[in-house]
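Accompanying notes for the structure given below.
The values are calculated or read from the model by the stated rules, or taken from the named source; none is laboratory data. All figures in this text were calculated on a predicted structure; none of them were measured in a lab. Here the Cβ is made from the backbone with ideal geometry for all residues, glycine too, and neighbour counts use every protein chain on show. Note: accessible area is taken over every heavy atom of the protein model, side chains too, but ligands, DNA and RNA are not part of it. Shrake-Rupley method; radii C 1.70, N 1.55, O 1.52, S 1.80 Å.
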Amino acid sequence: MAEYAKVGLDAARVEDIVAAAGVSWGTFFHYFPAKEDVLLDAAAEVCRAYAAEVQRGLEAGRGTESVLTAGFDAMLEAAVSVTPASALRGKMMLYVLGHPGRLTEFLGEDVAPPVAITTAAISEGQRRGEIRADEPAESLAVILLYAVLFSGRRSVTIGRPPGSTPLGYLALQVVLRGLRP
């Protein structure tokens, strides 16, 4: 990720990455069949942080909106940590979306993918009467995730007016209001 941040994804060379990491080409390609798959590993770290925070909130019995807001906060914090350059975070998201199912492979069996853990939070909210129950929890989870992630991505490319709410948080607030019964 440091090499990608330094020279960009397209210009990064595997020989420079393996030299900096002190590993062989074989080791690199064992874990990352394509050099872009490093982005999946970074995305998996982001998903782990999100899933862990949402799970903690569910186990603590916190309200659904609080649980999801804390989860997205953890997601953003992890994304900034593993991909300091905002352009690289955007490439990471686009790569994940362009390769369906690959992120789930990187997550393995121990971490719930974002749709699954968000569905669990929304289902719990429906059970407690905090979230509308007229639509399936999974459908609502997908809408919430796409709204927050795509608006967050868009804010990187267009910026935001001074004093305005970041688009990702604004999307979260708007969708959460629409999920109330």
Look through 44, 52, 60 and report the one residue that is over 18 Å from residue 166 (Cβ atoms) and open to solvent by 50 Å² or more (accessible area, probe 1.4 Å). 60
Do you know which residues across segment 8-41 are aliphatic (A, V, I, L, M) and either surrounded by 12 or more Cβ atoms within 10 Å (Cβ to Cβ) or within 16 Å of residue 74 (Cα to Cα) (or both)? 9, 12, 14, 17, 18, 21, 23, 34, 38, 39, 40
Condition first: over 12 Å from residue 102 (Cβ atoms) and either among the aliphatic types (A, V, I, L, M) or free of Cβ contacts under 8 Å to residues at least 24 places away in the same chain (or both). Now tell me which residues in segment 39-57 satisfy that. 42, 46, 49, 51, 52, 53, 54, 56
What's the total number of residues in segment 82-93 that are over 11 Å from the mean Cα position of the chain (by Cα) and open to solvent by 30 Å² or more (accessible area, probe 1.4 Å)? 6
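Residue-by-condition table, conditions (1) over 17 Å from the mean Cα position of the chain (by Cα); (2) on the phi > 0 side of the Ramachandran plot; (3) small (Gly, Ala, Ser):
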position	(1), (2), (3)
111	no, no, no
116	no, no, yes
121	no, no, yes
128	yes, no, no
134	yes, no, no
145	no, no, no
154	no, no, no
Looking only at segment 107-120, decide whether some residue is touching a Pro at 6+ places or on another chain (Cβ under 8 Å) and open to solvent by less than 30 Å² (accessible area, probe 1.4 Å). yes
Exactly one condition in (1) touching a Ser or Thr at 6+ places or on another chain (Cβ under 8 Å); (2) within 30 Å of residue 131 (Cβ to Cβ) is false for residue 1; which is it? (2)
Can you report the number of residues in segment 135-174 which are farther than 25 Å from residue 91 by Cβ and part of a helix (DSSP H, G or I)? 6
For residue 70, indicate whether it is of a type outside the set (Asp, Glu), under 29 Å from residue 125 (Cα atoms) and in contact with a helix residue (DSSP H, G or I) (Cβ under 7 Å, 6 or more places away or on another chain). yes
Would you please name the residue that is least open to solvent (accessible area, probe 1.4 Å), looking only at residues in segment 68-81 that are touching a residue at least 60 places away in the same chain (Cβ under 8 Å) and not aromatic (Phe, Trp, Tyr)? 68
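Rundown of residues vs (1) farther than 20 Å from residue 174 by Cβ; (2) at pLDDT below 90, yes/no style:
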residue: 99; (1), (2): yes, yes
residue: 103; (1), (2): yes, yes
residue: 120; (1), (2): yes, no
residue: 123; (1), (2): yes, no
residue: 148; (1), (2): no, no
Of everything in segment 125-136 that's surrounded by fewer than 19 Cβ atoms within 10 Å (Cβ to Cβ) and out of contact with any Lys or Arg (no Cβ under 8 Å at 6 or more places or on another chain), which residue is farthest from residue 72 (Cα to Cα)? 134
